[in-house]
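A short worksheet on the structure shown next.
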Amino acid sequence: MQKHIYILATGGTIAGVGEAGATEGYASGVLPVEALLSGLPRLPRMAEVTGEQYASLNSDDITQAIWLDMARRLDSLALSDRYDGFVITHGTDTLEESAYFFHLALRTDKPVVITGAMRPATATSADGPLNLYQAVALAASEEARGHGVLVVFNEGIYSARDVRKGNTFRTHAITGGDMGSLGLMRDERPVFYHASLKRHTARTCFDLSGVESLPTVAIAYFHVDAQPDILTQLARTHDGLVVAGAGDGIVSLRWEARMRQLCAQGVPIVRATRVPDGAVFRNAGMSDDDMGTIAADTLSPEKARVLLMLALGRTRNPAEIQQMFLQY
């Protein structure tokens, strides 16, 4: 029986339009979802597709309000027996943040697949059509069920927890970093080789029903001679902080002293790293036990921010939040 896949289009480069053949200087989010689907002649034989133009944005303009609304929309659609899986088209700049938010917030085991493009639809050899086609194919696959939110890009399948953008313009920009891909796509055929052991979707503790806004979390980027006053300023206007430290989350003695002071005042602080790969393990490099900080594990500062926002909706206890960073 043919699967029915629901697509929520949000804009991005995949719907971008510019000078014919050019890969830069384009406007994002111009083409409607119907135009994206019309360029996929093999699609009707693979799945029945319903498209919704949810938004027409550059992904830099995504907000937490959009996240919450989209999560409610997807959870509502997932309750219907009519739909077997879902695809979200999204700009690549913040794709990894949206993917991880939905990975933690959605309450369904049905496949949810996010994709986009590095070249606008009007570019020579645009990458969007194949990415979208394979995203629909993956969403229609029984093998994708139960993996949480997945990202399909450049014929790779990635877990939303580990995916990141690793290049500013090339078509292999989306990667899984140290964790690699979960599998590969060949035309419409997915092949899985790995699975993430971290909890997600219906197995998380996050219930956003009735939630109108999330706690605010800022990222403070450490660098040589960085002034610790920025931490105090951010703590005044945010519910929690993520520090993108050097190496395995290490900061200067001045920043350490200020972080210790803020933690003592009840400000939740996650210690992450500005280094693309690796991990910030608890008490490695600095003593989280002594400072009162939370270690980000393998989460990037951007993803640590997403998890801390959700965690603060349930608790401000650093030990409980640390456990979430180990589970999710």
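Structure notes:
- A count restricted to the stretch 203-222 and to residues that are open to solvent by 80 Å² or more (accessible area, probe 1.4 Å) and either at positive phi or touching a strand residue (DSSP E or B) at 6+ places or on another chain (Cβ under 8 Å) (or both) stands at 1.
- Of all the criteria given as (1) more than 24 Å from Glu19 (Cα to Cα); (2) of a type outside the set (A, V, I, L, M, F, W, C); (3) in contact (Cβ under 8 Å) with a residue 40 or more places away in the chain, the one not satisfied by Asp69 is (3).
- A count restricted to the stretch 233-248 and to residues that are in contact (Cβ under 8 Å) with a residue 12 or more places away in the chain and either farther than 20 Å from Asn317 by Cα or of a type in the set (Lys, Arg) (or both) stands at 5.
- Strands (runs of 3 or more DSSP E) contained in the stretch 1-101 and holding at least 3 residues surrounded by fewer than 23 Cβ atoms within 10 Å (Cβ to Cβ) and touching a Pro at 6+ places or on another chain (Cβ under 9 Å): 47-57
- Annotation note: of Gly128, Gly116, the sole residue that is among the small types (Gly, Ala, Ser) and within 23 Å of Pro301 (Cβ to Cβ) is Gly116.
- Residue in the stretch 278-328 that is most open to solvent (accessible area, probe 1.4 Å), counting only those that are farther than 21 Å from Ala235 by Cβ and hydrophobic (A, V, I, L, M, F, W, C): Phe281
- Filter pass, Ile88 being farther than 14 Å from Val151 by Cα, among the β-branched types (Val, Ile, Thr) and within 14 Å of the chain's Cα centre (by Cα): no
- Tyr193 fulfils the conditions (1) in contact (Cβ under 8 Å) with a residue 24 or more places away in the chain; (2) over 17 Å from the mean Cα position of the chain (by Cα) except for a single criterion, (1).
- Residue count, the stretch 126-146 (criterion: under 17 Å from Ala35 (Cα atoms) and not β-branched (Val, Ile, Thr)): 10
- Number of positions in the stretch 171-202 that are open to solvent by 40 Å² or more (accessible area, probe 1.4 Å), more than 17 Å from Val112 (Cα to Cα) and aliphatic (A, V, I, L, M): 2
- Residue check: Thr108 meets all listed conditions (1) among the hydroxyl-bearing types (Ser, Thr, Tyr); (2) surrounded by fewer than 24 Cβ atoms within 10 Å (Cβ to Cβ); (3) under 14 Å from the mean Cα position of the chain (by Cα) but one, namely (3).
- Within the stretch 241-257, restricting attention to residues that are in a strand (DSSP E or B) and of a type in the set (Gly, Ala, Ser), the residue that is nearest to the chain's Cα centre (by Cα) is Ala244.
The values are calculated or read from the model by the stated rules, or taken from the named source; none is laboratory data. This is a predicted model, so every value here is computed, not measured. For neighbour counting, all protein chains shown are included, and Cβ atoms are generated from backbone atoms with ideal geometry for every residue, glycine included. Side chains are part of the model used for accessible areas, which takes the heavy atoms of the whole protein and leaves out ligands, DNA and RNA. Shrake-Rupley method; radii C 1.70, N 1.55, O 1.52, S 1.80 Å.
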